[in-house]
Every structure is written in structure tokens, then in C-alpha cells.
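The structure appears right after this line, and notes come after that.
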Amino acid sequence: MDGKQMTQNYSKMSAEGNISQPVLMDTNAMLCCPPIEFRNLIIIVWEIIIRGQPSCTKAYRKETNETKEINCTDERITWVSTPDQNSDLQIHPVAITHDGYYRCIMATPDGNFHRGYHLQVLVTPEVTLFQSRNRTAVCKAVAGKPAAQISWIPAGDCAPTEHEYWGNGTVTVKSTCHWEGHNVSTVTCHVSHLTGNKSLYIKLNSGLRTSGSPALDLLIILYVKLSLFVVILVTTGFVFFQRINCVSKFL
């Protein structure tokens, strides 16, 4: 197989290959072009297709050392450096609106080389757990992207999971479970998500606790003891001064 045939095969493989690229919101994303030597380049083009926006094109022509942009208004999407030094694209910081398709096209005398990215912006949900009524707990994963999954330990009598879809693509997931008649004092809500998992537990009829927080328990105990000490001190002082007043009147 000669060099030209290898180049053609690589070009075909690159054109067919697309990469699924998840990235966390508010971080920095870097998208790379195919590894082509700069001396072989004629032109570099980035095509950016984001839902609800005109297609953006960023281009660089080596012969004239000229860059051009068409319909590119988002200042957070830029070349990493000057295109003659680095052809990669960066998004900083990543916003939820950056979901879309990004493709680098590199034209050479031997053909065009493509690399595409399906960028999926991830949003970490806010997890809450509370007791709504006797032995019933509600766990919510608020405004996550994609939707989180909720499970319980131990399993209870659960209502169907509710999903609330927001206009920006995030989803709030709500799970409500009941443990009446079960010999269960503590239940755990486990939330699974692409950005990371989180567990909260609650003692039924006793309020919310977060996994691994013994310091909070100690602070509560100290607060209760301090409150009792203050009450006793005030009561003792009041009785003492009452006795002094009585003695003064007697004299």
C-alpha cells in the first residue's frame, strides 16, 4: 500500500467518524482537528451547528495567512491560538446553549480530512431529600442534564417517578416513597448522573441527614447542651436575686 492510498483510506475513515463529547457546564472544552502536518495544509474550516442558531463557519487559508468567520457571534468559541500555530477550537466557558455539532475540515493536496464532535453539555442536578408526611420521603434531582436516575435503599412503596422538562434542556426528577408497615428507621436516596453520583439519607420522622456528617450530629448535641446550661443558669440567677430581695425587705 503506497502513501497516497494510505492517505485516502485515512481521509475516508476520518470523514465517517464522529466523536460523542460530553462536557460539564462552566468548564473549558477543547476540540481537536485531525493530526495533519501544517506544511501539507491548504485550508482549515470549523463548522459549528447549534440548535436554534445560524450555522457558524471559522476558516483559515494558509497561502494568505487569512482567517474568516461567517455567522459567528459567540465570543466564547474561539481558536485556541492563531490557526497557523494551533488549529484546535476551544469553548470557554461551556454554556448549556453549546450543545451541537462541531466539525473540523482540513484540506490538503491529497484530499479532505474530517473530524466531527457531537457535543453534549452536562449539568449537575441539585439533590434534595425531605419527609413530606408520616414515613413518606421525597427525593428530587433538580435541573440536571441529562435526567438523573433515583433509587432507594431499602426499596419502599414508590409512586411513579415524575419528570419535569425545562426549556433549556434540563430535567427535574422526583421520586416519592412510603414505608408504612416496614421495620425501617433510615432510608437512603441514591441519585445516579453522568456528572457523578450522590446519596442522601433520612431518619424517618427525624429529619434529613447527609451521608458522612458526624460533625453535624456533634454540633447539634453541643447546641442542645449549651441551651440547657443557659436555661439553668438564668433560672438559678433569678432564684438567687429573689432571695436577696426577700432578705433585704426583712432587714
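Any read-out appearing in this document is the output of simple, stated calculations on the displayed coordinates, not a laboratory observation. It should be emphasised that the depicted structure is a prediction, and the values quoted were computed from it without experimental measurement. Virtual Cβ from ideal backbone geometry, glycine too; neighbours counted across all protein chains shown.
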What ranking do 172, 73 get, fewest neighbouring Cβ atoms within 10 angstrom at the top? 73, 172
First check a/c for the range 126-214, with a ≥ b ≥ c the square roots of the eigenvalues of its C-alpha gyration tensor; if it is under 1.5, answer rounded, and if not, answer prolate when a/b is larger than b/c or oblate otherwise. prolate
Which residue, chosen from 56, 73, 43, occupies the Cα position most advanced towards the positive end of the dipole of the range 3-122, where the dipole is computed from +1 (Lys, Arg) and -1 (Asp, Glu) charges on Cβ about the Cα centre? 43
Between residue 163 and residue 76, what length comes free when the chain is fully extended (0.36 nm per residue of separation minus the Cα-Cα distance, one decimal in nm)? 28.2 nm
Projecting each Cα onto the charge dipole of the range 102-194 (Lys/Arg +1, Asp/Glu -1 at the beta carbon, about the Cα centre), which of 190, 104, 153 comes out farthest on the positive side? 104
Extension gain, residue 39 back to residue 195 (0.36 nm per residue minus Cα-Cα distance, nm): 52.1 nm
Quick note on 102, 201, ordering by fewest other C-beta atoms within 10 Å, gives 201, 102
